[in-house]
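The values are calculated or read from the model by the stated rules, or taken from the named source; none is laboratory data. Quantities reported herein were computed from a predicted structural model and do not represent experimental measurements. FYI the Cβ positions are ideal-geometry reconstructions off the backbone, even for glycines, and counts take in every protein chain you see. Accessible surface is based on the protein model in full, side chains and every heavy atom, while ligands, DNA and RNA are left aside. Shrake-Rupley method; radii C 1.70, N 1.55, O 1.52, S 1.80 Å.
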Amino acid sequence: MNKNNSSVVDAIKVGLGDRSYPIHISTHNLNSLGFLCLEHKLGRKAAIVTNPTIGAHYFQPAEASLVSAGFSVCKIEIPDGEQYKNSETLNLIYDKLIENGLDRGSFIVALGGGVIGDMAGYAAATYLRGIPFVQVPTTLLAQVDSSVGGKTGINHHKGKNLIGAFYQPKFVLIDLALLDSLSDREYISGFAEMLKYGVVLDGKFFDFMHANAEKLLHRDKDCLQFAVKTSCMLKASIVERDEREGGLRAVLNYGHTIGHAVETLTDYRQFLHGEAVSIGMAQAARISEAMGGASTACTERILSLLTKLHLPTDLPAFKADDYLAAILHDKKVKDDGLSFVFNKDIGNFYIDKVKDVSRLLKVCEIGD
């Protein structure tokens, strides 16, 4: 067995008491998967949940690492795309888990992007009332955001992530080499979640991304390692203080209110998640200036960096009533209004209740 465990030394810890776990970030460390599963004393049978695109590249080395460590492995392949993040696909996962005899001593490996991680995690949270799972994110967006923090779930036709659970993985294994197989569009999409951390939490990280935009676009490994590690550290610091989004963790929804509406209205087919979030952040910056007192210069810096990173900023053409209906189905809407994240300047934020959601849309100049 190849005990390539260099990533174990340099792990980031998500401190959640008895649910704490490490995030291992390195390059070419997928072959340490089996060793890490042994270290975490996981059961002898594993199901790797993936899709055909990712599976063609990475199922075999992931399986080989697990088998060499003494685990038996079954493959569960689900369709590729956000439009399949639903109850029908979830039932396919359950069917395969049952058919392959996975019991409460078994575990799931989520090998893929955010859709795979969310669905495999939710399957793990609910199958036999909960079995362990491991995140092996293969997209930049999943590496810096969705694989960390324990949010799992599926979409409903009325809204994104309306059905789900908070369920933490046993560990997260981030192999930066897995990003080499991403298309430019998929890779660039991940910058949106990365930039989010800079806008609302860390102005110095925003400045780093601005100064190193070209290197990041050209996949410079040193810049990428720093950016991924910083993103994970920033997210971990929020999750540790508010695991179940009782207050502070809502900051991580910056740009997501309108971004989720964009995804819903386009049936999850026109934009990648990061692209929709980018559009949502552009609108959130404009709203923060108009309603929250952020400066024009701040808005211009955010829009400039989104453009510099080749991310979209323009809203697709739907009526205001359509956007309003999509936003009102968002899980962040409660009786006392919508919790909206405003940026104050670069690196600072506040959260406020917006009772009249139509005011947001007027700022975005969405037509009737």
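For the stretch 236-246, the set of residues classified as part of a helix (DSSP H, G or I) and open to solvent by 60 Å² or more (accessible area, probe 1.4 Å) consists of E240, R241, listed by residue number.
Quick grid of which residues meet (1) among the aliphatic types (A, V, I, L, M); (2) farther than 21 Å from G198 by Cβ:
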{"residue": "G274", "(1), (2)": "no, no"}
{"residue": "Q283", "(1), (2)": "no, no"}
{"residue": "I287", "(1), (2)": "yes, no"}
{"residue": "T296", "(1), (2)": "no, no"}
{"residue": "D321", "(1), (2)": "no, yes"}
{"residue": "I327", "(1), (2)": "yes, yes"}
{"residue": "K344", "(1), (2)": "no, no"}
{"residue": "R359", "(1), (2)": "no, yes"}
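Is it true that D368 is at positive phi, modelled with pLDDT under 95 and open to solvent by 70 Å² or more (accessible area, probe 1.4 Å)? So D368 fails the test. Reported count of residues in the stretch 324-345, each being within 19 Å of A250 (Cβ to Cβ), open to solvent by 10 Å² or more (accessible area, probe 1.4 Å) and outside any strand (DSSP E or B), is 8.
Among the residues of this structure, D95 does not count as one that is free of Cβ contacts under 8 Å to residues at least 60 places away in the same chain, of a type in the set (D, E) and buried (at least 22 other Cβ atoms within 10 Å of the Cβ).
Which of the residues spanning the stretch 280-297 are open to solvent by less than 20 Å² (accessible area, probe 1.4 Å) and either outside any helix (DSSP H, G or I) or without any contact (Cβ under 8 Å) to a residue 40 or more places away in the chain (or both)? Quick ask: steps written out before the conclusion?
First pass over the stretch 280-297, keeping only residues open to solvent by less than 20 Å² (accessible area, probe 1.4 Å): 280-285, 287-288, 294.
Result: G280, A282, A294.
Screening N2, N29 for residues that are modelled with pLDDT under 95 and either more than 23 Å from the chain's Cα centre (by Cα) or not charged (D, E, K, R) (or both) leaves exactly one candidate, N2. Here R269 passes the criteria (1) part of a helix (DSSP H, G or I); (2) open to solvent by 10 Å² or more (accessible area, probe 1.4 Å) except the one numbered (1). Residues in the stretch 15-73 that are open to solvent by less than 40 Å² (accessible area, probe 1.4 Å), part of a loop (DSSP other than H, G, I, E, B) and closer than 24 Å to K96 by Cβ: L42, G43, N51, A69, F71. Number of residues in the stretch 181-216 that are outside any helix (DSSP H, G or I) and either of a type in the set (S, T, Y) or farther than 22 Å from H57 by Cβ (or both) equals 4.
Condition check: under 15 Å from the mean Cα position of the chain (by Cα) and in a helix (DSSP H, G or I). Does V262 satisfy that?
Details: under 15 Å from the mean Cα position of the chain (by Cα): no; in a helix (DSSP H, G or I): yes.
No, not satisfied.
Return yes when L360 is within 15 Å of A261 (Cα to Cα) and more than 22 Å from the chain's Cα centre (by Cα) and no when it is not. Yes, satisfied.
With respect to (1) open to solvent by less than 70 Å² (accessible area, probe 1.4 Å); (2) free of Cβ contacts under 8 Å to residues at least 12 places away in the same chain; (3) under 22 Å from L201 (Cβ atoms), the lone exception for E300 is condition (1). For the stretch 182-191, the count of residues that are farther than 24 Å from C298 by Cβ and among the hydrophobic types (A, V, I, L, M, F, W, C) is at least one. Can you confirm whether the stretch 223-235 contains a residue that is polar (S, T, N, Q) and either in a loop (DSSP other than H, G, I, E, B) or more than 14 Å from the chain's Cα centre (by Cα) (or both)? Yes; the residues of the stretch 223-235 include at least one that is polar (S, T, N, Q) and either in a loop (DSSP other than H, G, I, E, B) or more than 14 Å from the chain's Cα centre (by Cα) (or both). Against the conditions (1) open to solvent by 10 Å² or more (accessible area, probe 1.4 Å); (2) in a strand (DSSP E or B); (3) on the phi > 0 side of the Ramachandran plot, A165 satisfies every one except (3).
Criterion applied to V115, V148, V134, V144 was being of a type in the set (A, V, I, L, M, F, W, C), outside any loop (DSSP other than H, G, I, E, B), within 21 Å of R249 (Cα to Cα) and open to solvent by less than 10 Å² (accessible area, probe 1.4 Å), and the one residue passing it is V144.
Each residue in the stretch 86-100 was checked for being part of a loop (DSSP other than H, G, I, E, B) and within 20 Å of F59 (Cβ to Cβ), and 1 of them qualify.
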